[in-house]
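*Asks:* I'd like to ask you about the structure that follows.
The values are calculated or read from the model by the stated rules, or taken from the named source; none is laboratory data. These numbers were taken from a predicted model, which means no experiment stands behind them. Here the Cβ is made from the backbone with ideal geometry for all residues, glycine too, and neighbour counts use every protein chain on show.
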Amino acid sequence: MEPAAARDGVAAVARRWGFVSPSHFSRAFREEYGQSPRDWQKWATERNAPTAA
């Protein structure tokens with residue numbers, strides 16, 4: 001995930017993908033991917049975080 005995308009909220013992502021309503025985007029995302037956009041964003045951010053050496 002790009003760092004800029006990690007900072008965007010669900011509403012900004014929804015608008016970028018043409019959704020007028022963030023809640024409609026969230027419902028559609030959950031139906032398609034089985035988790036909320038926020039949960040996915042948290043998972044992706046943690047997954048791509050640099051590890052301490």
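*Asks:* Please note which helices (runs of 4 or more DSSP H) are completely contained in the range 7-53 and include at least 3 residues that are surrounded by fewer than 12 Cβ atoms within 10 Å (Cβ to Cβ).
*Replies:* Once the helices (runs of 4 or more DSSP H) in the range 7-53 are filtered for at least 3 residues that are surrounded by fewer than 12 Cβ atoms within 10 Å (Cβ to Cβ), what remains is 22-33.
*Asks:* How do the pairs read when you match residues in the range 8-22 that are among the aromatic types (Phe, Trp, Tyr) with residues anywhere that are surrounded by 12 or more Cβ atoms within 10 Å (Cβ to Cβ), using Cβ under 6 Å and keeping only pairs 6 or more apart or on different chains?
*Replies:* Partner pairs satisfying both residue conditions: Phe19/Phe25.
*Asks:* Out of (1) at pLDDT 95 or above; (2) out of contact with any Pro (no Cβ under 7 Å at 6 or more places or on another chain); (3) not hydroxyl-bearing (Ser, Thr, Tyr), what's the single condition that is false for Phe29?
*Replies:* (2)
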